[in-house]
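Asks: Mind looking over this structure? Questions follow.
The values are calculated or read from the model by the stated rules, or taken from the named source; none is laboratory data. This is a predicted model, so every value here is computed, not measured. Here the Cβ positions follow ideal geometry from the backbone for every residue, glycine too, while neighbour counts run over all protein chains shown. These accessible areas exclude ligands, DNA and RNA; they are computed on the full protein's heavy atoms, side chains included. Shrake-Rupley method; radii C 1.70, N 1.55, O 1.52, S 1.80 Å.
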Amino acid sequence: MTQPSAPIDPEALLAHGDFVRGIARSLLFDEHAADDVVQQTWIAALGSSGVASRGWLGAVARNLAIKRLRGDRRRAARETAVARPEGVPSDGDVRERERLRRSVVDAVLALDEPYRSTVLLRWFDGLPPRGVAARMDVPVETVRTRTRRALELLRRRLDARHAADRRGFCAGLAVWAGEGPRGEGTGAATAAATGGVLMASKTVAAGVVVLAIGAYFLWPRGEAAPAIDTAVVAVPPLKPVPPPRPPRAADEPPPAPAPAPAPPVPAKPVVKGRVADAEGRPAAGMTVWVTGPEVVAPDASGKRSGNAVVLTTDADGRFETTLPSSAKCTVMPMALPGFEPKKGERKEVTPPDEHADFVVERKPTATLVVTAFDVGDAKEVAEFTCAFGRRVVKAPSAPADGKIEALVRLDAAAGDTVKVAVTAGGATAERDVAVRENERIEVRVEIRRGAAVSGNVTDATGKPLAGALVFFGEEDVGRGDEPFKPFDEKRIRDGVRTGADGRFAIRGTGRWITFWHADASPVTVARDKASAIALPARGAIRGVLRGADGAPLATTKVFLDRVRETTTDADGRFAFDAVEAGTRGLSLVGGKPKAYLAAVRVTPGAASDVDVRPGIASVRIAWQGHASLGRFVALVPLGAVGSLAVGQPSEGTVVAPDVLPGRYVMLGEGGIVATVDVSGAEATAVVGRGEIVVRAAAKTRVFVVPEGAGYLARLMAGRMAGAGVPADGALRFTGLAPGRYEVGVERDGVRVTVDVKDAPVEVPID
């Protein structure tokens, strides 16, 4: 061994104390023996004639420790030779030791990839983390993560297998590796024997290290664990410390530079993970989105949708994709019929990332195959629709061979009841179906569609009208329950079209039938009067738009029924042609305006002339006999032109802004009704002592309006009906002025027209 030539510096020598002691402890497994080696190392350093470098001290400490190990091993051999026979391990001890060793080896080999390869390369092949990373072409941090996960998996599996004797199992591993639980040393003999084994064979050493590390990580948490140090197998051969290089001569060429290290191979920007439920069961077939500004054309593992890669989990719930760059992206699972991710569940990751794992809630589902049977015709219905409330998690298919298939979600896997509603030809029937998770149930729902209605439709000239739409119900079926909404053919589900000869045939149980055509005005009649229908022509609106000072407003947009628009000319004039007959709305804003300029009644085949200007700024209307009128009162015009206004009730009065002069029907919450003539800032509702008592099923939403009030008034009255008929089955409309009134049901039209005087009128509704 080459000695240092510089003088000894005691302070520099003591600075290497922890380093020397660590080497001694790692080789000797004994605190006192390690202290002896440290002291001997200092003596050797003090006896030298120069500076003791860190490498020199390490070599000396290793040599002294190995020398002590050899002496301890020879002493242990002598003691073993003269020991009594009962000191030899029994056959049972040997079998138990081998069983424990095989249990750990089997657990390692049973690990899934990439954990198995990581453990084998790290400890069986003895590669450092960077070596494992280079071999597997992954980042070093990924190797460390896999190592932690592998040890955790080993802990769980061995716990499950040896739960009854975990302390004994771990202690056995530690003893087999050379030391008992921390604080319970096995003595110099065991340490010497273990050291000899560790230096005897690389294969045996690797196995011992795996088991030793397993014992360390598997020891019960919160208790002292075996102190197994893997540095035992990493002892390098002793090399003499080279002497200091003499100064280079002036004419000596400089040494060749060391070759530059090869640049590291960049890791592929891979994103992978797993989706499972709380019990670890895979969520197969689940959709996972990977989104980000640089998420573009992916590989074959997914498809692109905008700036997202859409993946589908495999049978084990795993997903994987390679992205074009390592830019940060977002990974999130999407809801599946059988699985529900937590709200807002997502992860921000930077590729490469192999642990984008998610836990989702498993939801029980079942499949229902529904058929509809017409009891009257004694045959199955080919065309019908189904509803399952909010349980449906997958849109039902269109009827195929008279069947509709739907996937529904259950509240409990053990069993649940699903309400199935079938609609066909205007008739609806329901049935409760008991079903369990993953069941496929055939469901037949019996309906009664009522008698058939047939007839013919013509235009205003008597010519057969082909392609007219015929359906049960009033206009609101095709318009919705909001004023001035344009008619939408897509809202009609069970209608029929007239043929080339204008004839039709429809089945259903509705009381009213509506006829609509794009070139005519709609008509609604009772079903017993639907055999011969003539649709009137459309009308027109001609008008002038004025400002608050009465001057015409030029180049101003005017909207009709939210969607049609025109612009006033220099004189403020505007016109709309081909307007459906009925009450139409004018506004200055399209879409869903907050206010309307006017409500105009259009006569079939005629032009309605209107002069539109701001109404009375504020009108206070006294309503005698009603101290409480609800939250608001709607004013619907009864004349050719008026305002659709909303008033605020206050102590028996109603205050409404911007109201055009004219006659109005006033509708309060709960169905109360009156009429009023507005000509100035003060007005009084026309009331009387009349009363209509409607008797119907509880919660039926019924309304009362003056006869001839029109479709708009009936629509608004239905919306104002509130909770409907109370539990006692009687709803009273009081304070009515003498006259004729229409009584109807919301969305089902007028049922009856009655005369009201001073005495109550009873109206039964089935």
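Asks: If the cut-off is 19 Å between C-alpha atoms, which aspartates and glutamates fall inside it for LYS485, apart from same-chain ones fewer than 8 positions away?
Replies: Of all the aspartates and glutamates, those that pass the test against LYS485 - Cα under 19 Å, at least 8 places apart if same chain - are GLU474, GLU475, ASP476, ASP519, ASP561, GLU565, ASP577, GLU580, GLU746, ASP748.
Asks: Taking a 26 Å limit on the Cα-Cα distance, which of the listed pairs LYS379/LYS490; LYS268/LYS347; LYS463/LYS592; LYS343/LYS490; LYS272/LYS343 fall beyond it?
Replies: Distance filter (> 26 Å) returns LYS379/LYS490; LYS463/LYS592; LYS343/LYS490.
Asks: What length, rounded to one decimal in nm, is gained on full extension from LYS268 through to GLU348, with 0.36 nm per residue of separation minus their alpha-carbon distance?
Replies: Stretched out fully, the LYS268 to GLU348 stretch lengthens by 27.0 nm.
Asks: Can you give me the % of accessible surface on the range 466-593 that is carbon or sulfur? Probe 1.4 Å, all protein chains present, nothing else counted.
Replies: 50 percent
Asks: Label VAL105 and GLU762 with points 7 Å out from Cα along Cα→Cβ: what is the distance between them in nm?
Replies: Taking the two extended label points, one gets 9.7 nm.
Asks: Related question: Among the aspartates and glutamates, which have Cα under 12 Å from the Cα of LYS328 when same-chain residues fewer than 8 positions away are ignored?
Replies: Within the straight-line limit of under 12 Å, LYS328 reaches these aspartates and glutamates: GLU294, GLU348, ASP353.
Asks: Would you mind calculating the relative contact order of the range 436-520 from Cα pairs under 8 angstrom and at least 6 residues apart, reporting the percent as a whole number?
Replies: 41 percent
Asks: While we're on this one: Among 455-462, 700-707, what's the highest-first ranking by average C-beta atoms within 10 angstrom per residue?
Replies: 700-707, 455-462
Asks: Whose amide H sits under 5 Å from the amide H of ALA645, counting only residues 5 or more places off or on another chain, with H placed in the peptide plane?
Replies: Residues meeting the criterion, in which the H sits 1.01 Å from N, are LEU635.
Asks: Per residue of the range 512-527, what does 6.51 cos²θ - 1.76 cosθ + 1.60 with θ = phi - 60° give for ³J(HN,Hα)? Whole Hz please, x for Gly and Pro, Karplus curve as stated.
Replies: 10, 10, 10, 10, 9, 9, 5, 10, 9, 8, x, 9, 10, 9, 5, 4
Asks: Where a Cα-Cα gap under 26 Å defines reach, which lysines qualify for LYS699, not counting those fewer than 8 residues away within the same chain?
Replies: LYS419
Asks: Can you work out the Karplus-derived ³J(HN,Hα) for every residue in the range 273-280? Use 6.51 cos²θ - 1.76 cosθ + 1.60 with θ = phi - 60°, whole Hz, and x for glycine or proline.
Replies: x, 9, 10, 8, 8, 5, 8, x
Asks: Which value, in nm² and rounded to one decimal, describes the direction-averaged projected area of the C-alpha convex hull of the range 373-450?
Replies: Result: 5.0 nm².
Asks: Quick one: if the Förster radius is 35 Å, what FRET efficiency do ALA398 and THR291 give, using the C-beta to C-beta distance and rounding to 0.05?
Replies: 0.60
Asks: In Å, what Rg and Dmax follow from the Cα atoms of the range 671-725?
Replies: 13.2, 42
Asks: Using only alpha carbons, build the gyration tensor for the range 658-766 and give me the equivalent ellipsoid semi-axes, biggest first, whole Å.
Replies: 24, 15, 12
Asks: Full-extension gain between ASP549 and GLU96, please, as 0.36 nm times their residue separation minus the C-alpha to C-alpha distance.
Replies: Between ASP549 and GLU96, full extension yields an extra 152.4 nm.
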